[in-house]
Amino acid sequence: MDTKKKNLMEIFQEETPEVAQAFGGLIKSSLPENSQTRNFLPAGYVEAYSVIIPEHSRLTPDNILVAIWTDFPKWLQMLFKLRDWLVKPFGLKAGSSEKNFGQKFEEAIRTGNPLDLMTVPAKTADETVMQLTDKHLTAELSVHNEKQNNSQLKISIITLVHYHNVLGKIYFFFIRPFHKMIMKTMTKRSIKRLINRC
């Protein structure tokens with residue numbers, strides 16, 4: 001294992017202060033000044049969290065988004081199934097259960113083509129914004145990268161939610177704690193796995 005990869009993996013060991021700060025208590029931040037998500041403001045809900053780690057060639061916005069949304073652990077798969085069952089009375093669309101969903105999702109993220117309720121309304125070399133639209137709300141989820149000094153990379157995970165009606169507000173009120181937990185867990189897991197694949 002080369003030194004750079006070893007250093008990156010050491011950062012993402014559970015017991016390190018960096019992980020405790022970045023993924024335990026989270027680093028809440030403002031939207032990056034050059035983020036494409038600013039074009040979707042105002043929004044009913046805005047959150048941005050960030051972490052600064054050494055640069056790595058695989059930590060691109062596309063790769064991180066794809067890893068977050070196509071590599072679910074079993075406990076999260078069960079949570080999404082529960083979510084789909086709970087939201088049926090509200091007329092919300094369930095998540096895709098297609099066996100090749102991961103492949104289609106990756107293609108949509110990398111090409112910008114729409115997939116079911118998802119589109120990619122904004123995309124640059126440093127950021128990919130995916131948008132999920134339902135009749136009760138619309139959400140933008142973004143990964144934004146910004147190079148720092150000393151070969152460091154600031155990765156921002158951004159969520160914007162636009163409510164279309166009261167049911168949208170009620171729905172997101174109940175899933176908001178789960179959303180934060182999922183994004184925290186999956187961001188950390190995805191970065192670790194991307195680094196480990198090299």
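None of the figures in this text is laboratory data; all of them are computed from the coordinates on show. Computed from a predicted model, the values in this text were never measured in an experiment. Counting neighbours? That spans all protein chains shown, and the Cβs are built from the backbone with ideal geometry, glycine included.
Sticking with the crude label model, points 7 Å out along Cα→Cβ, report the distance from Phe80 to Phe101 in nm, one decimal please.
Taking the simple label geometry, Phe80 and Phe101 are separated by 0.4 nm.
Along the Cα→Cβ direction, 7 angstrom out, place labels at Phe72 and Ile182. What is the inter-label distance in nm?
Result for the modelled spin labels: 0.7 nm.
Grab the Cα-Cα distance for Glu33 and Val166, subtract it from 0.36 nm times how many residues apart they are, and report the gain in nm with one decimal.
Extra length from Glu33 to Val166 when fully extended: 44.8 nm.
Using the basic label-point model (7 angstrom from Cα toward the beta carbon), what is the Gln148 to Asn196 distance in nanometres?
2.4
Filter Lys104/Lys188; Lys74/Lys104; Lys74/Lys147 down to the pairs with a C-alpha to C-alpha distance above 32 Å, please.
Check vs 32 Å cut-off fails for Lys74/Lys147.
Can you give the charge dipole size of segment 31-74 about its Cα centre, rounded to the nearest 20 debye, using +1 on the beta carbon of Lys and Arg and -1 on the beta carbon of Asp and Glu?
Approximately 100 debye in magnitude.
Of Val166, His136, Ser151, which is farthest towards the positive pole of segment 134-198's charge dipole, taken about the Cα centre with +1 and -1 on the beta-carbons of Lys, Arg and Asp, Glu respectively?
Ser151
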